[in-house]
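Remarks on the structure that follows.
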Amino acid sequence: MKFFSVALKNLFRRRMRTGLTLMGIAIGIAMLFSFMSFNQGYQESLRKDLRNMGAHMLAIAKGCPYEATSMILHGGEIKDYLTSEDVERIRQMPNVASAVGMFMNQKIFPHGKTLVVYGLDDAAFALKPWWVVKGDKFLDERSVVLPEEMATELGLSIGSTWSMPGVEGEFTVTGLLEKTGSQDDQFIYLPLVTAQQIFEAEGKVTSIAITLEDISKIQDVVKSVESLPDVQAITMSQVLGTAQTLMNSAQAMITSIVAIAVLISALGVMNSILMSVFERTREIGMMKAVGASQGDVFALVWIESVLLTLTGGMLGIGAAIAAGKLIDGALRGLLPFAPSGNLVAFDGQIVMVSLAASLFLGIVSGAYPAFRASQLSPMEAIRSE
Amino acid sequence: MAYIIKAENLSKSYKRGSETVYALQEANLVINAGEFISIVGPSGSGKTTFMNMLGCLDTPSSGGYLLNGTQIAGLKERDLVKVRQENIGFVFQQFYLLPTLTVKENVELPLLFQNKGLNRSKEILETVGLSHRYTHLPKELSGGEMQRVAIARALINSPKILLADEPTGNLDTKNSEKVITLFRELHRLGLTIIMVTHNPELARIADRIITMTDGRIKTA
């Protein structure tokens, strides 16, 4: 027989109380775990989205930087255009390796979904060397490339014809983009010229993706680009910074909620263990009378507390993993800006940190009840009725 | 015969406001090894305080207490634990068996708190007549059986003295008799037994009766 088994068995004496305390801990740790997973997932998917841009910086028409951030990552409607001349001018600037004009706009489809239409040319495809397109890119002006998943959803395959609401004539699906796991899986790709025609913006582009010969010269290029009238340059680190700023206030709020939840669950454990110590005053007196030292009693109660929080923590982590998808969805609705990858991403390290937090919680919240128990007198067992 | 316990002017006092209350006043008592002693007296007479002193659960305010050659007065709790482990087995009125542990585990509980290799729980449970209850839980036992398990627990450390606080206080006549028979048997085997009770009839089975009133020993 070991201290461990005595402590464990004791927890089964008040099943209801133990169960409720476990739930408190599980909720607290689940929140902590989800929060850490979310932070990790958010950062990862944001970076991934940015890498997937394939460019070092973008030039867009002057406007709201927040709107621009969201547009760059998610697509959207931009009212102010740049021109083909802008593309040409930027292409001539020193240190610029390539400048590719892209056209982006959105259409509302009959099923109520807003789809973003991307106008690309061959140079734009070159920015995304990792793309795997089944079939062909564009064969003519009436070609369309669809993400594979979207095509499956729409019941389309290579060679199918497809029409866009409000646009005369039909398109032929010439290529399917294999799943990239990024925001690119949400767009419809048309030849640049076709996209410009559909939205009556011939010769106009919404953004210019710029790659540099030497990334350390990025500030010089920013200056040159912004010397053009009504053009602003956005570097990828600016996009990252803007997205992070949008997140900071939300994060501060979530942090305090998680801290409160964890604190409350710690108080719950302390209360529960303290109550069980008071109920067992005489029994603990007996243990001391039959040879338990202060340290023995302290250890017994402490082990109970740690067992409780570790078990609760494991339940919480399990529940958080199981509910990951739900949490992802719920957060997506709450956030000012959400990247396209998995918002909730956990790894072994987050599991370990959550378990360590559970252990710490047990150690801290069990210390006082354990101390109180250790100070009980062995005379409690004899004290006459 | 060699004495195992020697109390000299043993006193325990408390402050209550400005006055000093004596729970135990200048008790003198010598108990020989192998004796069976009863301590009787009405409530408030100081029996419990005296028992706490003898059992090394509490230290005296003044006076001396020699237990098996060790001076107990002035010892710290850490040392008292050792003295208890090595010398004394306790039997309580309320049994205090842990409900989640089996009979065997309850009997072995004191071993948890010391590094003693020897485990005689099987043998001891045979002595108290409960070897067939080895794996049962306390709730499956009668009151008498519970007290016999508690006695087995008191014996697991091979104590020199068995201290019993109203051991039959919670038992009916039939079960009380079984416990008393067991005490007699243990006494016959050479164990020193000190039993506190307010039941005069029970007290009479002892070799010697100590009567207490108002914190003093009346008859020695």
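Would you confirm whether any residue within region B:19-41 is touching a helix residue (DSSP H, G or I) at 6+ places or on another chain (Cβ under 6 Å), in contact (Cβ under 8 Å) with a residue 40 or more places away in the chain, at the interface with another protein chain (Cβ under 9 Å from one of its Cβ atoms) and not aliphatic (A, V, I, L, M)?
Checked region B:19-41: no residue is touching a helix residue (DSSP H, G or I) at 6+ places or on another chain (Cβ under 6 Å), in contact (Cβ under 8 Å) with a residue 40 or more places away in the chain, at the interface with another protein chain (Cβ under 9 Å from one of its Cβ atoms) and not aliphatic (A, V, I, L, M).
Out of B:GLU126, B:GLU140, B:GLU166, report the one residue that is surrounded by fewer than 22 Cβ atoms within 10 Å (Cβ to Cβ), closer than 21 Å to A:MET286 by Cβ and not hydroxyl-bearing (Ser, Thr, Tyr).
Just one listed residue meets the conditions, B:GLU140.
Output the residue which, of all residues in region A:1-60 that are in contact (Cβ under 8 Å) with a residue 60 or more places away in the chain and aromatic (Phe, Trp, Tyr), is farthest from the other protein chains (Cβ to nearest Cβ).
Among them, the one singled out is A:TYR42.
Which residues, counting only those in region A:76-119, are of a type in the set (S, T, N, Q) and closer than 12 Å to A:ILE208 by Cα? Working first, answer last.
Initial filter on region A:76-119 (of a type in the set (S, T, N, Q)): A:83-84, A:92, A:95, A:98, A:105-106, A:114.
Hits for region A:76-119 are A:THR83, A:SER84, A:SER98.
Just a yes or no: is a residue in region A:151-158 under 34 Å from the mean Cα position of the chain (by Cα) and at positive phi? Even if it seems obvious, please write down each step before you answer.
As a first pass, look at region A:151-158 and keep what is under 34 Å from the mean Cα position of the chain (by Cα): A:151-158.
Imposing the further condition that a residue be at positive phi reduces the set to A:155.
Yes, there is a match, as at least one residue in region A:151-158 is under 34 Å from the mean Cα position of the chain (by Cα) and at positive phi.
If B:LYS104 meets every condition in (1) touching a Ser or Thr at 6+ places or on another chain (Cβ under 8 Å); (2) within 14 Å of chain A (Cβ to nearest Cβ); (3) in a loop (DSSP other than H, G, I, E, B) apart from one, which number is that one?
Of (1) touching a Ser or Thr at 6+ places or on another chain (Cβ under 8 Å); (2) within 14 Å of chain A (Cβ to nearest Cβ); (3) in a loop (DSSP other than H, G, I, E, B), only one is false for B:LYS104: (3).
So A:THR174 passes all but one of these: (1) under 32 Å from the mean Cα position of the chain (by Cα); (2) modelled with pLDDT of 90 or more. Which condition number does it fail?
So A:THR174 meets the others, but not (1).
Would you list the strands (runs of 3 or more DSSP E) that sit entirely within region B:21-97 and hold 2 or more residues that are among the small types (Gly, Ala, Ser) and modelled with pLDDT of 90 or more?
Working: elements: B:36-40, B:62-67, B:88-91.
Qualifying strands (runs of 3 or more DSSP E): B:62-67.
Return the total of residues in region B:107-119 being surrounded by fewer than 18 Cβ atoms within 10 Å (Cβ to Cβ) and more than 9 Å from chain A (Cβ to nearest Cβ).
Initially, region B:107-119 is screened for residues surrounded by fewer than 18 Cβ atoms within 10 Å (Cβ to Cβ), giving B:114-119.
Narrowing the set further to residues that are more than 9 Å from chain A (Cβ to nearest Cβ) leaves B:115-119.
Total satisfying the criteria: 5.
Out of everything in region B:49-70 that is within 19 Å of the chain's Cα centre (by Cα) and surrounded by fewer than 20 Cβ atoms within 10 Å (Cβ to Cβ), what residue ends up being nearest to the other protein chains (Cβ to nearest Cβ)?
Of the residues in region B:49-70, the ones within 19 Å of the chain's Cα centre (by Cα) are B:49-60, B:65-70.
Restricting the remaining residues to those that are surrounded by fewer than 20 Cβ atoms within 10 Å (Cβ to Cβ) gives B:59, B:66, B:68-70.
Values: B:THR59: 11, B:LEU66: 20, B:ASN68: 16, B:GLY69: 20, B:THR70: 16 Å.
This residue is B:THR59.
Looking only at residues that are more than 20 Å from A:ALA261 (Cβ to Cβ) and surrounded by fewer than 21 Cβ atoms within 10 Å (Cβ to Cβ) in region A:301-328, which one is modelled with the lowest pLDDT? So that I can check it myself, show each step before the final result.
Going residue by residue through region A:301-328, those that are more than 20 Å from A:ALA261 (Cβ to Cβ) are A:301-304, A:307, A:325.
Narrowing further to those that are surrounded by fewer than 21 Cβ atoms within 10 Å (Cβ to Cβ): A:307, A:325.
On the way: A:LEU307: 95, A:LYS325: 81.
Applying the filter and picking the extreme gives A:LYS325.
Does region A:349-372 include one or more residues that are assigned to a loop (DSSP other than H, G, I, E, B) and either away from every other protein chain (no Cβ under 14 Å) or among the charged types (D, E, K, R) (or both)? Break it down stepwise before answering.
Residues of region A:349-372 assigned to a loop (DSSP other than H, G, I, E, B): none.
Looking through region A:349-372, none of the residues is assigned to a loop (DSSP other than H, G, I, E, B) and either away from every other protein chain (no Cβ under 14 Å) or among the charged types (D, E, K, R) (or both).
The values are calculated or read from the model by the stated rules, or taken from the named source; none is laboratory data. What you are looking at is a predicted structure, and each value in this text was computed from that prediction instead of being measured. Note: ideal-geometry Cβ built from the backbone for every residue, glycine included; neighbour counts use all protein chains shown.
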